[in-house]
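Accompanying notes for the structure given below.
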């Protein structure tokens with residue numbers, strides 16, 4: 001009898017978990033059988049003709065989706081054709097941060113035909129100069145064509161498959177959909193088949209924000225200590241217009257019970273963020289998703305963070321929404337970020353821990369996060 005009860009209880013728990021875990025549809029950007037799915041955003045000169053995308057071979061050219069997304073589990077595969085004696089590089093990259101035309105743009109798997117080597121490592125562009133910080137390389141002779149597939153592996157690593165053979169397991173970091181795609185450097189490349197898809201396991205809470213969510217990962221500290229799954233839907237460098245643009249794909253489509261919105265620090269005028277945040281709030285409410293708002297942290301520049309925080313609290317009171325008032329946690333007493341917490345825009349590990357300590361010290365916030 002006890003065994004039967006255990007079986008029944010197990011089935012009930014599985015059914016409950018299934019009910020709690022909606023199917024999350026992936027975002028897909030692809031060229032298959034001459035037909036495009038999604039909209040391309042090209043850096044450099046790419047041309048789509050007769051069912052094939054081709055680059056010019058002049059400089060650094062990336063073929064990536066128009067949409068950017070905080071969904072972190074990306075699979076990227078492509079068939080690539082290029083000159084057998086090409087002097088540049090060809091391959092794919094997974095975007096890591098949104099950094100404009102300069103700075104680190106992602107981690108790439110690039111093949112150098114002249115050297116007959118596959119090189120893995122960070123790819124960046126600064127003042128028109130493209131460099132790859134090589135972390136791992138393998139000698140390979142791929143001729144003028146190869147198929148490549150990157151697929152998620154545990155602990156932010158990716159499996160690198162060439163022509164159907166797994167050749168490496170490599171750390172690609174916390175990737176984003178934007179700036180992920182095909183890359184050519186100083187070499188003409190064509191592709192008639194590729195696919196880029198991004199998804200994320202279901203989590204009852206979505207942390208939605210910029211680099212303080214994406215890189216600093218306050219939500220990871222909170223989640224670990226609460227025993228709760230919180231999805232990291234941060235995108236570094238983002239202002240609220242970008243956040244509003246992806247709110248449907250990175251919050252609504254993930255069907256959480258709660259979203260924590262922590263946006264505005266990258267707006268040149270933080271007060272301009274309120275209108276976008278209100279639109280996010282209304283979109284969430286239409287789908288019966290609970291909303292928690294967050295104060296901005298202190299900054300060392302002259303952006304009006306305190307004015308934004310006051311306006312945010314006034315707005316939240318009108319909307320009857322909770323606000324996590326993190327400003328005073330990181331403030332050194334003069335309106336600047338405390339040195340012990342990093343002294344900059346991004347809190348260090350101690351700062352993130354202090355932020356988490358503050359959230360966990362408030363039973364009403366932990367109850368909201370846990371859905372109680």
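Each reported figure results from applying straightforward, stated rules to the coordinates on display, with no laboratory input. Just so it is clear, the structure is predicted and the values come from calculations on it, not from any experiment. Cβ: placed from backbone, ideal geometry, glycine included. Neighbour counts: every protein chain shown.
Things worth noting here:
- When the Cα convex hull of the chain is projected onto planes of every orientation, the mean area is 21.9 nm².
- The chain: angle of helix 273-286 to the longest principal axis, Cα-based, in degrees nearest 10: 80 degrees
- Model label sites at residue 325 and residue 159, defined 7 Å from Cα along the beta-carbon direction, differ in position by 5.1 nm.
- Taking 26, 83, 113 in turn, the Gaussian network model of the chain (Cα-Cα springs below 10 Å) assigns the largest fluctuation to 83.
- With the highest mean first, a sort of the peptides 169-177, 339-347 on other beta-carbon atoms found within 10 angstrom per residue produces 169-177, 339-347.
- Principal-axis tilt of helix 349-360 within the chain, Cα atoms, nearest 10 degrees: 40 degrees
- For the range 264-304, fraction of C-alpha pairs farther apart than 11 Å, in %: 68 percent
- For the range 232-327, the calculated P(r) over all alpha carbon pairs, in 5 Å bins from 0 to the bin holding the longest distance, is 2, 14, 27, 26, 19, 9, 2, 0 percent.
- Rotationally averaged projected area of the range 157-295 (alpha carbon convex hull; nm²): 11.3 nm²
- Candidates 331, 50, 275, ranked by Gaussian network fluctuation over the chain, Cα under 10 Å, top entry: 50
- Between 0 and 90°, nearest 10: helix 240-250 axis offset from the chain longest Cα axis: 80 degrees
- 10 °C / 1.306 mPa s Stokes-Einstein diffusion coefficient of the range 27-199, Kirkwood radius on C-alpha pairs, µm²/s: 102 µm²/s
- Over the C-alpha atoms of the range 165-214, the Rg to Rh ratio, Rh being the Kirkwood estimate, stands at 1.04.
- Ratio of the Cα radius of gyration of the range 205-370 to 2.2 N^0.38 Å, where N counts its residues: 0.94
- Max mean-square fluctuation residue, GNM over the chain, Cα-Cα springs under 10 Å, options 199, 37, 240: 37
- Using C-alpha pairs below 8 Å separated by at least 6 residues, the relative contact order for the chain is 16 percent.
- Percentage relative contact order, the range 205-370, counting C-alpha pairs under 8 Å, at least six apart: 22 percent
- Relative contact order computed over the range 27-199 (Cα-Cα under 8 Å; 6+ residues apart), in percent: 36 percent
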